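Engineer: Here it is: the structure, laid out below.
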Amino acid sequence: MLTTTTSTISKTDVDDEPLSSFFPLSALVYGQVPVLEVDGKQLAQSNAIARFLAREFDLAGKNSWEQALCDQTLELINDLIQEVVKFFFEKDEERKKEVGKHLAEVVYPKFLGYFEKQLDNNGGKYLVGSGLTVADLAVYAVLDTAVQNSETFLEKHEKLRAHRDMVGAIPKIQEYVSNRKKTDI
Ligand SMILES: N[C@@H](CCC(=O)N[C@@H](CS)C(=O)NCC(=O)O)C(=O)O
């Protein structure tokens, strides 16, 4: 659960499954994580949280069109996550191999292509507009697991690699990534 005031995130607690032994899910507004607690009130749904924080920290895009482009990216990322979780939650070993192959050969190339095209169409540095937005942070975050698991994951995607290096070099991101707990996903 993230706890924040409207100006700073003050505390982050993450623990291992099962979630219900960590805290009663019934205490959460939609019975699921993530939840952001703001001044004692709960906000659920990862994209609602991402958009809220983006607005609070001036990362939501500079006008309505840029905000829509950020939304577009967050929704595309949601589509990718739906595919990736199929692999992580598959119990049958044979089926897991097939899902993993499909992910590597079809799903990731398709989505990486979309991210790269968006980057290219926007001048190559940021995904939306002329500065850092939630779209850049979200793409960085969603590719984390694959990058951690495969050194060659972005081998053929030079522009996405440069984008990743740009986001990863932001001091606060660097600090967070080097201090966070190691997890499989
Ligand atoms: N659409 C939601 C999905 C959240 C979700 O599926 N959360 C899972 C964990 S990843 C959860 O809390 N499930 C309840 C449980 O594990 O009992 C979001 O993006 O925040």
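Just so you know, all these numbers are worked out from the coordinates, no wet-lab data involved. Note that this is a predicted model, so its numbers are computed, not measured. All Cβ positions, even for glycine, are placed from backbone atoms using ideal geometry, and neighbour counts span all protein chains on display.
Engineer: In cubic angstrom, how much convex hull volume per residue do the alpha carbon atoms of region 24-87 span?
Structural biologist: Cα-based convex hull of region 24-87, divided per residue, equals 94 Å³.
Engineer: I've got another one for you. Give the calculated FRET efficiency between K62 and K172 to the nearest 0.05, with a Förster radius of 25 Å applied to their Cβ-Cβ distance.
Structural biologist: It comes out at approximately 0.75.
Engineer: At D120 and Q45, where each label point lies 7 Å from the Cα along Cα→Cβ, what is the point-to-point distance in nanometres?
Structural biologist: Here the answer is 3.4 nm between the modelled labels.
Engineer: Output wanted: per-residue J couplings in Hz (rounded whole) for region 155-171, from phi through Karplus 6.51 cos²θ - 1.76 cosθ + 1.60, θ = phi - 60°, x for Gly and Pro.
Structural biologist: The phi angles translate into 3, 8, 10, 4, 5, 5, 5, 5, 4, 5, 5, 4, 5, x, 7, 5, x Hz.
Engineer: Cα centroids of region 118-185 and region 40-87: how far apart, whole angstrom?
Structural biologist: If we compute the Cα centre of each part, the gap is 15 Å.
Engineer: Compute the Rg to Rh ratio over the chain from the alpha carbon atoms, using the Kirkwood formula for Rh, and round to two decimal places.
Structural biologist: Taking Rg over the Kirkwood Rh, I get 0.96.
Engineer: How much mean residue ellipticity at 222 nm does the chain get from its helices, if each DSSP H run of length 4 or more adds -39500 (n - 2.57) and you divide by all residues, to the nearest 500 deg cm²/dmol?
Structural biologist: Result for the chain, helices only: -16500 deg cm²/dmol.
Engineer: Please list, ordered by chain and number, the residues whose modelled amide H lies under 5 Å from the amide H of N122; skip anything fewer than 5 residues away on the same chain.
Structural biologist: Those qualifying (amide H under 5 Å, at least 5 residues apart or on another chain) number zero.
Engineer: Okay, next question. Using θ = phi - 60° and the Karplus form 6.51 cos²θ - 1.76 cosθ + 1.60, what ³J(HN,Hα) does each residue of region 120-135 get, whole Hz, x for Gly and Pro?
Structural biologist: Karplus values, whole Hz, x for Gly and Pro: 4, 5, 9, x, x, 9, 10, 6, 9, x, 10, x, 5, 9, 4, 4.
Engineer: Say R0 is 30 Å: what FRET efficiency, to the nearest 0.05, do N78 and E98 get from their beta-carbon distance?
Structural biologist: 0.85
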